[in-house]
Structure formats: structure tokens, C-alpha cells
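Structure record follows, encoded as C-alpha cells.
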Amino acid sequence: MSRNTPLHALPARIARALAPIAFLFAIVPQLHAGEAMMLLPAQIKSLGVETAVVGEGDPGRPGSFPGRVVVPVDQMRVVAAPVVGMVEMLAFVPGDKVRKGQVLARLSSAQALELQREALQSASQASLLAQNLKRDEQLFGEGLIAESRLQATRAAASQAAAQAAERRQGLALAGGAGRKVGGPLALVAPIDGVILEQSAQLGQRLEAAAPIYRIARLSPLWVEIQVPRAQAESLREGMPVRIAGSAQPGKLITIGRAIDPSSQTVIVRALIEQDAERLTPGQSVAVEIALPKGNGQRVPAAAVVRIEGQPQAFVQSGSDAQAMRFELRPVRILDESGERVLVEGLKAGERIAIRGVSGLKAMATGVGRE
């Protein structure tokens, strides 16, 4: 059967089924952008055309973007094993609050004992040489020893003091005390914060630098937000943001320069200071950004059709009891996310077709004509 076969040449049953469709297309010439198309009530009902007002009832929240809560890098610390040893005690679990200087864990270590012994020996040697220096200074003042001997004693004492300080600092970094040999290393909290992660278990043998706890201060926090490239260009540092569904305000502090190749989004970072404790690191949130005017309108994806490759929408330009008028309006798609798209070319308050759009497209392009 030819596409252009006239209705009278078709079987009666098929002709009756196609008659309403033929009626729809028979009175509408091919439409171009900006031209009006008249639809009779019967046509509107047959096509199932429904309309909506641009800017109203937008569940997608214009300016709402997905984000993830993260801890600022300068507010995180990792407590690690300074030497090889076995975990003898763990005092906290994830979620616990800790204060700076609190003992978090104890580590029994032969290497720590060696550090303690070396620190004590160095301190003893430095003390002895300091006494020798004091004695030689007295003897030199009485003319009983040569100046060269005093200089040698002074150099030895200085070297011993430096070595003792070095060993003492190394032991302190390892969490040990230098007053006596023996006992486990005490690992303390470097900051006030919350335990985010526990990486070691009681009785576990750890290598040097193996992590035990990750601690963070949870106020303020960052939110890393995915923003489509076209909209990211209009953002500026300092612009206000808000966590959707709450009153938690914040501000943009960084606009990323790299584009994710898979999603074509830019990562922008917001700082949340007020009530940041209500957020959890790693939490997914929706973030509302007060976008500058002129950044488009979100409409149902079904309202936008492509005609000859150009995205367009059917805008209602008038109606009365006899007919409803639509005109084709070219639009530019800024963002496509789910069932809604962000477009330029439509104004808030305009009414557009959101259902029956495929039928309107067929009528506008003359598809189905003889």
C-alpha cells in the first residue's frame, strides 16, 4: 500500500479508522517557526493536547543541583602507627567525639623500646658531657688546661645535646615518653573532632605508617556540586546557596575549571558554616543556587521536539471557544536531567503544550498528507 493512497481506495474498515486523523491534518498547512496554528476543540481532544504554564509547579526546583558533602582537607587528620607494632588498646569507635590530646590507642612495639633506650642513652651522654664542659671551663679559667682541650669538650657537648634532642623528638613523634624504658606507645588525638573511620583492629600487627583512625572537625563543611557547563559559566564565587529542604545557607567558594567528560558537568564547591553539624560527610544532597536571571526555564522534556534538528516548543498564543492557537518557538537546551530540561527561549508565565506534542509536530510538519 502506498503512503499516498487516497482514503477512497482503502478498505472501508481502514478508511473509517483513518478518517479522524485525515481530518486533523487536512486543514493545517505546514507550519514554520513563529507562525500560528489553529486547533479546533475536536482536534485538541483527539490529539490529547494538554498545556502548562512555564515556571509553575516545577518539582525539579530551578537552580537545584546534585551535591555531595565532604570535609575540608585542612580539617582532617590521620592517626597512624609511627613504628611497627601490635594494637594493644583502642579507646574510640567511629562517630565518637574526641578532644585534642586524648589517648586514642596504645601500641606495643619492640622498635618503640629501642627508640626509648636510645633517647635515654643520648640524654645521659649529653648530661655527662655538659658536666665535663663545666669542669673544663673552670680548669681553663685557672690556667690548668689548654684552650684546645676546652674547645674539644665544648664541641663534644654540643654534638651530644643535638643528638639527645633529635632522639627525644623522634620518640615524641612515635608517641613515647623518654623518662623510662618500657610500656606501650600512646597515640593521641591531634585535633578536636569526630572519629570518621577506624582502620585497625585490636591485636592487629601494623607496619609503620599504617592508618588507625581518621579524625575530622565537622564544622564548617564543603559541598561539591555538579553543575552543567552552560550554567557554570554564569556562576561566581560568593554567590549564595542553600541545601534544598532546609534553611542551611552557604556560599560558593570555588568554581572548577575541569569538565567531567561523561556528564559534561563542572564541580563547584560551596562552604556551609551554619548548622553544618546536621550534615554527614559523604551525604548526597540537592543544592539550590540563586542563578542570575536569564538562565532559562525548566520544562517537561516532552514539551520540546526537534524539527529539522532544531529544538522547538509549542507556545499557546491565544484561545477562545472556537479554537486554540499555537506557534512554534525555537529554544536552546541548556541542561537535560531526567524528565525535565532547562531551556532558553521561553518566558515564565507563558503556556506551552506538554502532552499531545508528537501529534502537534506531525500536523506542523505536514506528516501524513496526501
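Here segment 112-136 is the region considered, the condition is being in contact (Cβ under 8 Å) with a residue 60 or more places away in the chain and either out of contact with any Pro (no Cβ under 8 Å at 6 or more places or on another chain) or among the β-branched types (Val, Ile, Thr) (or both), and the residue that is nearest to SER158 (Cα to Cα) is LEU120. Does segment 249-257 contain any residue that is small (Gly, Ala, Ser), in a strand (DSSP E or B), surrounded by 18 or more Cβ atoms within 10 Å (Cβ to Cβ) and in contact with a Pro (Cβ under 9 Å, 6 or more places away or on another chain)? Scanning segment 249-257, I find at least one residue that is small (Gly, Ala, Ser), in a strand (DSSP E or B), surrounded by 18 or more Cβ atoms within 10 Å (Cβ to Cβ) and in contact with a Pro (Cβ under 9 Å, 6 or more places away or on another chain), so the answer is yes.
Give the residue, chosen from SER337, SER317, that is surrounded by fewer than 20 Cβ atoms within 10 Å (Cβ to Cβ), under 27 Å from SER263 (Cβ atoms) and at pLDDT below 90. On inspection, the qualifying residue turns out to be SER337. Checking the condition surrounded by 13 or more Cβ atoms within 10 Å (Cβ to Cβ) and at positive phi, which residue from GLY183, GLY143, GLY238 passes? Just a single option satisfies the conditions, and that option is GLY183. When segment 306-350 is filtered for residues that are in a strand (DSSP E or B), closer than 20 Å to VAL49 by Cα and within 27 Å of the chain's Cα centre (by Cα), the ones remaining, listed by number, are ARG340, VAL341. Among the candidates ALA209, ALA258, ALA244, the residue that is touching a strand residue (DSSP E or B) at 6+ places or on another chain (Cβ under 6 Å) and not assigned by TED's automatic domain parsing to the domain that holds VAL83 is uniquely ALA244.
Restricting the search to strands (runs of 3 or more DSSP E) fully inside segment 99-215 and requiring at least 2 residues that are small (Gly, Ala, Ser) gives 103-108. Filtering ARG242, ARG269 for residues that are within 14 Å of GLY67 (Cβ to Cβ), in contact with a Phe, Trp or Tyr (Cβ under 9 Å, 6 or more places away or on another chain) and either of a type outside the set (A, V, I, L, M, F, W, C) or at pLDDT 85 or above (or both) leaves a single hit, ARG269.
Residues in segment 275-289 that are at pLDDT 90 or above and assigned to a loop (DSSP other than H, G, I, E, B): LEU279, THR280, PRO281, GLY282, GLN283.
The values are calculated or read from the model by the stated rules, or taken from the named source; none is laboratory data. Everything numeric in this text was worked out from a predicted model, so none of it was measured. As a convention, Cβ positions derive from the backbone with ideal geometry for all residues, glycine included, and neighbour counts pool all protein chains shown.
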